[in-house]
Amino acid sequence: MKIAVCVSHVPDTATKVKIGSDGKSIDPSGVTYVVNPYDEFAIEEALKTKEQLGGEVVVISLGTEANKESLRKALAMGADSAVLLKDDKQRDSFAVAKALAEEIKNQGAEIVFFGKQSVDYDNSITGQLTAELLGYNYVSVVVDLKIDGNKVIAEREIEGGREVVETTLPVVITAQKGLNEPRYASLKGIMAAKRKTIEEKEAAPADNYVEIIRMKKPAPKQPGKIIGSDASAVPELIRLLREEAKVI
Amino acid sequence: MANKILAVLEQRDGKLKKISFEVARAASDIAQKLNAGVEAVVIGNEVEGIENVGGYGVEKVTHYKHADLHNYSSSAYGDIIAEHVNNSGNDIIFFGNTAMGKDLAPKVAVKLNAGIAMDCTAFEIEDGELIATRPVYAGKALIDVKLTSGKKIFTLRPNVFNPGEPSGAKAEVEVKEVANPNLSVRVVELKKSEGKLDVAEASIIVSGGRGMKGPENFHLVEELADLLGAAVGASRAVVDAGWRPHSEQVGQTGKTVSPNLYIALGISGAIQHLAGMRSSKYIVAVNKDPDAPIFQVADYGITGDVFEVVPAMIEEIKKLKEG
């Protein structure tokens, strides 16, 4: 069984966002890039699935040379091979999904993992788009997964609870925090990852449907009132919430 | 130029969710500005009160009905919506940015070869084109986007588009029985967290952070939330420590929220947390440390001990309720 996991390489969540000179993207100077946090759950689940069902795990990322760092991390955790789909232009989720779907087809992977969302553009749709382009079933925002033969039972997080979803292979799963505890790469894994070659190819071309007109900072919030420093301020707080803000 | 906008409504357990009215109102407001028509669809089995969507400016709702559609199925719902759009000629489609909308909208996008912009918080019309504003980097920045595809899909962040008071008008409801829905992906069971509101949907959130000192003290957060009809939220630190479930986490690796009122108790305000809640309409912070970053975004702050202030808040609100 071939298992694929798609990872994105994104600014660390501690990043303070500055708008770049093009006015349409962030200023990358001084920004630390990491493997997308949700993708770590995807990598872990791919490895666990391989341990259960056998087969091999290929990790795929679309972007530039810099993405190799995230691919190496996945290799160090235990992925068998890695593919970089090279493209230095910005793509929308749909255009990313088209290139990924193409490569997943090449690889013949029947179980595919994504993180449920990238913490840069926050669209939370690349996994679903890729699945639909491939004609695969999918379950998104998954916190529990069982694969038994051809049958897939996944629990996905929804508002105020979980849905238990039943479907069949081939399938795309997008991973939510809580699905597993991602393993740390062992020293042996890190050394082995350094020796593995990352296959590089040009990403399949695709048009963007989303045109970014401008990026802007949210309006700065005016610091509010400090009402007091102990419990005696509470009656005034409640009065303000009722009479000024009118929210309770 | 838009001809006809489609609002995709959402039901759970046969009742329309609040987001349905928000999507209906936003769709009808935008339709008016674009001089376009507007209609809605809802998929389910028995669904109560569909005609009430008329009060939010949508005159016509098509109800796709089958017993097996009571629960969500991406495969069935996706087929139905794509077919509806192809028959009806809608060129703009709105979903709620909910668990269902986020799962379903991309499927429909592929079927229609439509561009898609998720989690929109505002719309403008520039030169006759619909421009959507959406937060990126969990709200640390915003982008204005337009879709260049023929068909365009937008999902709307819950709690942002005020549906206003319904006018009392009733929508015309056409029921279409669905034959053999495609159930290749289907929900076989719904596990509800008993009586708990979700932070993504709540209009008030009471969140606790490391300043609560331990999971055993979260009963204070829960009690205040109960009294206010609020959802309980949590900072990443307390989720990572295992004090609270991840479903309650607010911030960049949790949920991005925009309630009317956000009460932060013992939360210092890491950049990831602030990004996830700064668009709340009103923010209250209680924290011992007057230099905590949370006070930079708070409308009202008390620089005191949560273990003194929160019980006082509970008492004060109880007094109010007893009136």
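Numerical summary
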read-out	value
Per-bin percent of Cα-Cα distances, the range A:2-202 [5 Å]	1, 8, 16, 21, 21, 15, 10, 5, 2, 0, 0
Cα gyration tensor, the range B:21-92 - rounded (a/c under 1.5), prolate or oblate	oblate
Sites A:Lys105 and A:Arg195, calculated FRET efficiency, Cβ-Cβ separation with R0 30 Å, nearest 0.05	0.60
Filter on A:Lys18/A:Lys68; B:Lys18/B:Lys176; A:Lys2/B:Lys192; A:Lys98/B:Lys60; B:Lys152/B:Lys196 - keep pairs with C-alpha separation over 31 Å	A:Lys2/B:Lys192; A:Lys98/B:Lys60; B:Lys152/B:Lys196
Residues A:Ser118, A:Ser25, sorted so that the one with the fewest Cβ neighbours within 10 Å comes first	A:Ser25, A:Ser118
DSSP beta bridges in the protein assembly as shown [antiparallel fraction, %, rounded to 5]	35 percent
Footprinting exposure proxy for B:Cys120, A:Cys6 (fewest neighbouring C-beta atoms within 10 Å first)	B:Cys120, A:Cys6
Residue with peak Gaussian network fluctuation, chain A [Cα springs, cutoff 10 Å], from A:Ala203, A:Ala231, A:Ala99	A:Ala231
Amide H contacts under 5 Å for A:Gly161, placed H, 5+ residues apart	B:Ser193
Footprinting exposure proxy for A:Glu157, B:Glu165 (fewest neighbouring C-beta atoms within 10 Å first)	B:Glu165, A:Glu157
Those residues of the range A:174-213 whose amide nitrogen sits under 20 Å from the label point placed on A:Met1, 7 Å along Cα→Cβ	A:174-176, A:179-183
Dimensions (Å) - the protein assembly as shown, Cα atoms, principal axes, largest first	67, 63, 48
Estimated vicinal HN-Hα couplings, Hz - the range B:223-237 in sequence order (Karplus 6.51, -1.76, 1.60; Gly, Pro = x)	5, 4, 4, 4, 4, 9, x, 9, 8, 8, x, 8, 7, 4, 4
Cβ neighbours within 10 Å from other chains - mean over B:98-109	6
Electrostatic dipole magnitude of chain B [Cβ: Lys, Arg +1; Asp, Glu -1; Cα centre; debye, to 20]	540 debye
Computed label-point distance, nm, for sites A:Thr168 and A:Gln52 using a 7 Å Cα→Cβ extension	1.9 nm
If the convex hull is drawn through the Cα atoms of chain B, its volume per residue in Å³	146 Å³
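Just so you know, all these numbers are worked out from the coordinates, no wet-lab data involved. Bear in mind the structure is a predicted one, so any value in this text is a computation, not a measurement. All Cβ positions, even for glycine, are placed from backbone atoms using ideal geometry, and neighbour counts span all protein chains on display.
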